[in-house]
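A.B. asks: After the structure tokens below, expect a handful of questions from me.
The values are calculated or read from the model by the stated rules, or taken from the named source; none is laboratory data. In this text the structure is predicted, and so the values were computed from the model without any measurement. Reconstructed Cβ throughout: ideal geometry from the backbone, glycine too, with neighbour counts over all protein chains shown. Heads up: the accessible areas ignore ligands, DNA and RNA and are worked out on the full protein's heavy atoms, side chains in. Shrake-Rupley method; radii C 1.70, N 1.55, O 1.52, S 1.80 Å.
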Amino acid sequence: MEHRRLVQTAGVVIAPRWRIVSERSADEGEEVELVIDPGPGFGDGTHETTQLCLQSVAAIAPRNGPWRMLDFGSGSGILAIGAARLGAVVDAVEIDAAASAHGERNARANAVADRIRHARTLEDTRGSFDFVVANILRSVLLELADALVARLASRATLVLSGLVSTDVPEVSVRYSSLLEGRRPEVYQNGDWRALAWRRCRRE
């Protein structure tokens, strides 16, 4: 997927939708600006897995009516904030206290704190979700496959990242077994991969 990095004053542009900045500009322009202050939470827009997930949110998240997203392993909150800027109500799960506080600060900086509920565990989330994204380690994705799939609403979309090419077969098989055998779409950025199941049904 195409991406480019600009000088610090211009921010990081993730084509075709996002610009990651440290301060909101007076004229946002064509891209949606996400104000992210560097801190302990993963996700400042420069890592390929973050870019893959943001591009997935921009390309395949719901657009009609209200929708709910689960951001599992939310870190800096960048994915939750991006979804909230597109109209979602988000549950953002981050186990690390410092990273969770960092995500809350970033949500306030983007004026979307009222659309993002921060939680420390998956068990603290409420209801089902139209879009579930998890950008985290392969081992965690495998361990929590049943729990993440259980959070999917009917005809929801699931996006998993934090994966390299050798992770894809095992993770694909594990989740496909829970999603009527459907194979995921695979997206690539450098050495990193994201898997997406669109409008899937859990068994």
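A.B. asks: List the residues whose amide H sits under 5 Å from the amide H of W18, counting only those 5 or more places along or on another chain, with H placed 1.01 Å from N in the peptide plane.
C.D. replies: Hits under the 5 Å cutoff: V32.
A.B. asks: Placing +1 on the Cβ of each Lys and Arg and -1 on the Cβ of each Asp and Glu in the chain, which of S172, W18, H47 has its Cα farthest towards the positive end of the resulting dipole?
C.D. replies: Selected residue: S172.
A.B. asks: Let me ask something additional. Residue by residue through the stretch 29-40, which ³J(HN,Hα) values in whole Hz follow from phi under the Karplus form 6.51 cos²θ - 1.76 cosθ + 1.60 (θ = phi - 60°), with glycine and proline marked x?
C.D. replies: Going residue by residue, I get x, 6, 7, 7, 7, 10, 8, 10, 8, x, x, x Hz, with x marking Gly and Pro.
A.B. asks: So, one more: Each residue of the stretch 184-194 in order: what ³J(HN,Hα) in whole Hz does its phi give by Karplus 6.51 cos²θ - 1.76 cosθ + 1.60, θ = phi - 60°, with x for Gly and Pro?
C.D. replies: x, 7, 10, 10, 10, 9, x, 7, 9, 10, 10
A.B. asks: Which FRET efficiency value, to the nearest 0.05, is calculated for A101 and D124 with the Förster distance at 22 angstrom and r the Cβ-Cβ distance?
C.D. replies: Efficiency computed from Cβ-Cβ geometry: 0.90.
A.B. asks: I need the peptides 59-65, 96-102, 165-171 ranked by packing, meaning the mean over residues of other C-beta atoms within 10 angstrom, with the highest value on top.
C.D. replies: 96-102, 165-171, 59-65
A.B. asks: Placing unit charges on C-beta atoms (Lys and Arg positive, Asp and Glu negative, everything else neutral), compute the dipole magnitude of the stretch 6-109 about its Cα centre in debye, rounded to 20.
C.D. replies: Dipole about the Cα centre, nearest 20: 280 debye.
A.B. asks: Using the Karplus equation 6.51 cos²θ - 1.76 cosθ + 1.60 (θ = phi - 60°), what ³J(HN,Hα) coupling, rounded to whole Hz, does each residue of the stretch 141-158 give in order, writing x for Gly and Pro?
C.D. replies: 4, 5, 5, 9, 4, 4, 5, 5, 5, 5, 8, 6, 6, 4, 6, 8, 10, 10
A.B. asks: Say each of R63 and R182 gets a label point 7 Å from the Cα, pointing the same way as Cα to Cβ; how far apart are those two points in nm?
C.D. replies: 1.9 nm
A.B. asks: What accessible area per residue, rounded to a whole number of Å², is obtained for the chain using a probe radius of 1.4 Å?
C.D. replies: Value returned for the chain: 47 Å² of accessible area per residue.
A.B. asks: Okay, moving on. Which value in deg cm²/dmol, rounded to the nearest 500, describes the helix-derived mean residue ellipticity at 222 nm for the chain, given -39,500 (n - 2.57) per DSSP H run of n ≥ 4 and division by the residue count?
C.D. replies: One gets -7500 deg cm²/dmol as the mean residue ellipticity at 222 nm.
A.B. asks: Over the chain, what percent of the accessible surface lies on carbon and sulfur atoms, probe 1.4 Å?
C.D. replies: With neighbouring chains kept in place, the figure for the chain is 48 percent.
A.B. asks: List the residues whose amide H sits under 5 Å from the amide H of S76, counting only those 5 or more places along or on another chain, with H placed 1.01 Å from N in the peptide plane.
C.D. replies: Amide H neighbours of S76: F42, G43.
A.B. asks: Hey, another quick one. What is the set of long-range amide H partners of A156 at a cut-off below 5 Å, with H atoms built 1.01 Å from backbone N?
C.D. replies: Residues meeting the criterion, in which the H sits 1.01 Å from N, are C200.
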